[in-house]
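Before any comments, here is the structure.
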Amino acid sequence: SESLEIVSHHSLTFGQKLIPFQLIFRPKRRLSITVLPNRQVRVAAPAGQALEKILALVKKRAGWIAQKRNYFEQFHPLPGEKCFVSGETHLYLGRQYRLRLKNSEGRSVKLVGKFFNISVESFDRERVKATLDDWYLMRAEKLFIEKVEGVLKGHPSLRLTPKKITIRHMAKRWGSCTKNGSIRLNLDLIKAPLHCVEYVIAHEL
């Protein structure tokens, strides 16, 4: 259970770089290494395994860890915690736009110049966030499907037809593909530059 977890912090050296990582002991059989989209490295090891053995195993994967961190670096800077107030900047396809809030009976979002013009019933943070997220989802559904079709059209030798394309918030991945051929894409990918969107989609296909 989560209460049995023991967490400590360590680092490894790869070339000229010092890579910090979080070590978590859990009741599990095998060691696993995860590189998160924010470039943090987490190592989950079986409870009771010797620290020396763990560090040796992590060192063997140093090249892979560095490669994953470099891959995620192209998506940065990632958006931090937002307040969703007028004047605050938010990303769309790698560019920053300022929020401009307006009281209205209905809810809508319009991209005008360098602004997100958002009409909402109240300036409550969750209401503004939900309105903007709905707009992001609408744009993502259109753009991501267009990019999937574009990659498939440009590479007919793939002969692939995804069974389903799902777009949702994902904590640890930009995208994934299930064994049955369904593709999942992170909604936050709509905030990254277009070449990053294309890279992730091509990778999953």
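The values are calculated or read from the model by the stated rules, or taken from the named source; none is laboratory data. Keep in mind it's a predicted model, so treat the numbers as computed, not measured. Please note: Cβ atoms are built from the backbone with ideal geometry, for glycine as well, and neighbour counts cover all protein chains shown. Ligands, DNA and RNA are excluded from the accessible area calculation, which covers all protein heavy atoms including side chains. Shrake-Rupley method; radii C 1.70, N 1.55, O 1.52, S 1.80 Å.
Here are the numbers for this structure:
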| quantity | calculated |
| --- | --- |
| Subset of the range 51-82 that is at pLDDT below 90 and of a type in the set (A, V, I, L, M, F, W, C) - its residue that is farthest from THR131 (Cα to Cα) | PHE72 |
| Strands (runs of 3 or more DSSP E) fully within the range 8-87 counting 1 or more residues that are in contact (Cβ under 8 Å) with a residue 60 or more places away in the chain and open to solvent by 40 Å² or more (accessible area, probe 1.4 Å) | 32-35 |
| Residue count, the range 156-190 (criterion: at pLDDT 90 or above and within 17 Å of ARG39 (Cα to Cα)) | 3 |
| Subset of the range 172-205 [among the aliphatic types (A, V, I, L, M), in contact (Cβ under 8 Å) with a residue 60 or more places away in the chain and under 19 Å from ARG69 (Cα atoms)] | ALA192, VAL197 |
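Conditions tested, residue by residue: (1) touching a helix residue (DSSP H, G or I) at 6+ places or on another chain (Cβ under 6 Å); (2) more than 19 Å from LYS172 (Cα to Cα); (3) of a type in the set (A, V, I, L, M, F, W, C).
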| residue | (1), (2), (3) |
| --- | --- |
| HIS10 | no, yes, no |
| LYS17 | no, yes, no |
| ILE24 | no, no, yes |
| ARG29 | no, yes, no |
| ALA50 | no, yes, yes |
| LEU57 | no, yes, yes |
